[in-house]
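Colleague: Submitted below is the structure of interest, expressed as structure tokens.
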There are 2 protein chains.
Amino acid sequence: MAKPKSEEKRNAIMSAAARVIASQGLGAPTAVIAQEAGVANGTLFTYFETKADLFNELYVALKAERASASLKGLPVTADLRKQMFHLWSHAMDWAMTHPEKRRALAQLSVSDEISEASRAAGHKAMSGVARLLEQSRAGGVMRNAPMGFVVAIMNSVGDATMEFMTQDPVNAKKHAKAGFDALWRVLT
Amino acid sequence: MAKPKSEEKRNAIMSAAARVIASQGLGAPTAVIAQEAGVANGTLFTYFETKADLFNELYVALKAERASASLKGLPVTADLRKQMFHLWSHAMDWAMTHPEKRRALAQLSVSDEISEASRAAGHKAMSGVARLLEQSRAGGVMRNAPMGFVVAIMNSVGDATMEFMTQDPVNAKKHAKAGFDALWRVLT
DNA sequence: AGCTGATGACTGACTAGACAGACATCTATA
DNA sequence: TATAGATGTCTGTCTAGTCAGTCATCAGCT
């Protein structure tokens, strides 16, 4: 064998991409991302074949990271509302702790560079979250609405709440609670 | 006097831009927009100084158009819920009738090319809608939540509903109703 | 009404700059 | 020493915006 690729550099590139996308948008040059990651321009392309590949991988990774943060320490024996609230607040915490990742994810989500396959992978990464939401849906007013619709609404209320929390961080806790109450009213 | 600018060409460029943005995203070349509008490349720049200017004007125009469509024929004497429902269904109708405009507006809304001034103008164009929503907020559970938050939630639930309606047009009416019911549950 | 000159819209080839990705070269590891 | 990662310069391509020349429109004059 020869020199192995370094997982460290890969991560550096991904997290640099998140930061740069958050501040400059998706039009950001690969050169800037590489520089921010502390590697040469060409190195970026030994880890990701194209710019679009990097963006797709980043999208899936961020979705997975947020989902995993949301589910961490889930009180599986508690009642549904408690579990949902845990999930919600952990998602909001993640967004407040990593604002640049949240912003990057928001940009990537609306980009047409993101393939159907990546979106599917993103969904899959959220399956734990979806399962809980599915339980909430099945027992409530929205039992006849398609699951995709409920997911879309949760995501959009979540996005709106995160947006508002970052704009007005002083009252972040209050907004998080208000957002959850709104979601819960939608579901029950 | 000389040859006057034609309102017709201006409109052609704007609506071409909406179509092209919907299908190719914001990275679409101005050359393509001009061609789609049936004018020369350079002509676009006699009507709009820069590409960003075109996008900003288009953003405000689309916001205004949607707001105006929503308010058309509003039953001002009916009760609040009826008025809100009128507004909601007309907005959804507009989105279903002009899917390319809706898609373009969604893209423009998240773009960082759109100035604060344009966003303010967009808000202003929606003031009729906002007034109605304000009444709904003031009398309901969200009376203590900031208006901006309520607006954000309405927009996001609306976006999710529109998205779902275009993805599943057969049940569009049903989804529109479900979306409204969800919003109303949030507000009351 | 017909003519004329001034104005400015219209055109599309062109330019300057930016950027993704390639590549020749160097370097670290097995 | 063979292999493969790392580097950074280089290049082909793409595109926003320009510009010199053309043409449509209008006001004022006869």
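Bear in mind these aren't lab numbers, they're just calculated from the coordinates by the rules spelled out. Predicted, not measured: the structure shown is a model, and the values here were computed from it. Neighbour counts run over all protein chains shown; Cβ positions are idealised from the backbone, glycine included.
Colleague: What are the residues in the stretch A:165-177 that are surrounded by fewer than 23 Cβ atoms within 10 Å (Cβ to Cβ) and touching a Pro at 6+ places or on another chain (Cβ under 9 Å), if any?
Modeller: Within the stretch A:165-177, A:THR166, A:ASP168, A:ASN171 qualify.
Colleague: May I ask you to say which residue of A:ALA12, A:ALA67 is of a type in the set (Gly, Ala, Ser), touching a residue at least 60 places away in the same chain (Cβ under 8 Å) and part of a helix (DSSP H, G or I)?
Modeller: Just a single option satisfies the conditions, and that option is A:ALA67.
Colleague: Next question. Can you list residue pairs whose Cβ atoms sit under 8 Å apart, with the first residue in the stretch A:20-37 being within 14 Å of chain B (Cβ to nearest Cβ) and the second being near DNA strand C (Cβ under 9 Å from one of its atoms)? Count only pairs 6 or more apart in sequence or on different chains.
Modeller: A:VAL20/A:ALA28; A:VAL20/A:VAL32; A:VAL20/A:ILE33; A:ILE21/A:ALA28; A:GLN24/A:VAL32
Colleague: Looking only at the stretch A:89-122, which residues are within 14 Å of A:ASN155 (Cβ to Cβ) and within 14 Å of chain B (Cβ to nearest Cβ)?
Modeller: Matches in the stretch A:89-122: A:MET92, A:ARG102, A:LEU105, A:ALA106, A:LEU108, A:SER109, A:VAL110, A:ARG119.
Colleague: Determine whether A:VAL32 is more than 24 Å from A:ASN155 (Cα to Cα) and near DNA strand C (Cβ under 10 Å from one of its atoms).
Modeller: In short, yes.
Colleague: Same structure, new question: Just checking, which of A:LEU26, A:LEU44, A:LEU58, A:LEU54 is part of a loop (DSSP other than H, G, I, E, B), crowded, with 17+ Cβ neighbours inside 10 Å and within 16 Å of DNA strand C (Cβ to nearest atom)?
Modeller: Values: A:LEU44 fails: part of a loop (DSSP other than H, G, I, E, B); A:LEU58 fails: part of a loop (DSSP other than H, G, I, E, B); A:LEU54 fails: part of a loop (DSSP other than H, G, I, E, B).
Of the residues listed, the single one that is part of a loop (DSSP other than H, G, I, E, B), crowded, with 17+ Cβ neighbours inside 10 Å and within 16 Å of DNA strand C (Cβ to nearest atom) is A:LEU26.
Colleague: Now a separate question. Of all residues in the stretch A:36-75, how many are away from DNA strand D (no atom under 16 Å from the Cβ) and polar (S, T, N, Q)?
Modeller: Total meeting the criteria: 3.
Colleague: So, one more: Give just the number: which of (1) in a helix (DSSP H, G or I); (2) over 12 Å from the mean Cα position of the chain (by Cα); (3) surrounded by fewer than 17 Cβ atoms within 10 Å (Cβ to Cβ); (4) more than 16 Å from DNA strand D (Cβ to nearest atom) does A:ARG119 not satisfy?
Modeller: Of everything listed in (1) in a helix (DSSP H, G or I); (2) over 12 Å from the mean Cα position of the chain (by Cα); (3) surrounded by fewer than 17 Cβ atoms within 10 Å (Cβ to Cβ); (4) more than 16 Å from DNA strand D (Cβ to nearest atom), A:ARG119 misses just condition (2).
Colleague: If I ask for residues that are out of contact with any helix residue (DSSP H, G or I) (no Cβ under 6 Å at 6 or more places or on another chain) and more than 7 Å from chain A (Cβ to nearest Cβ), which ones from the stretch B:156-188 would you list?
Modeller: Selection gives B:GLY158, B:GLN167, B:ASP168, B:PRO169, B:VAL170, B:ASN171, B:LYS173, B:LYS174, B:LYS177, B:ASP181, B:TRP184, B:THR188.
Colleague: Separate question: Which residue pairs have Cβ atoms under 8 Å apart, sit 6 or more places apart or on different chains, and have a first residue in the stretch A:126-149 that is within 13 Å of another protein chain (Cβ to nearest Cβ) and under 20 Å from A:LYS82 (Cβ atoms) and a second that is among the small types (Gly, Ala, Ser) and surrounded by 14 or more Cβ atoms within 10 Å (Cβ to Cβ)?
Modeller: A:ARG137/A:ALA145; A:MET142/B:ALA178; A:MET142/B:ALA182
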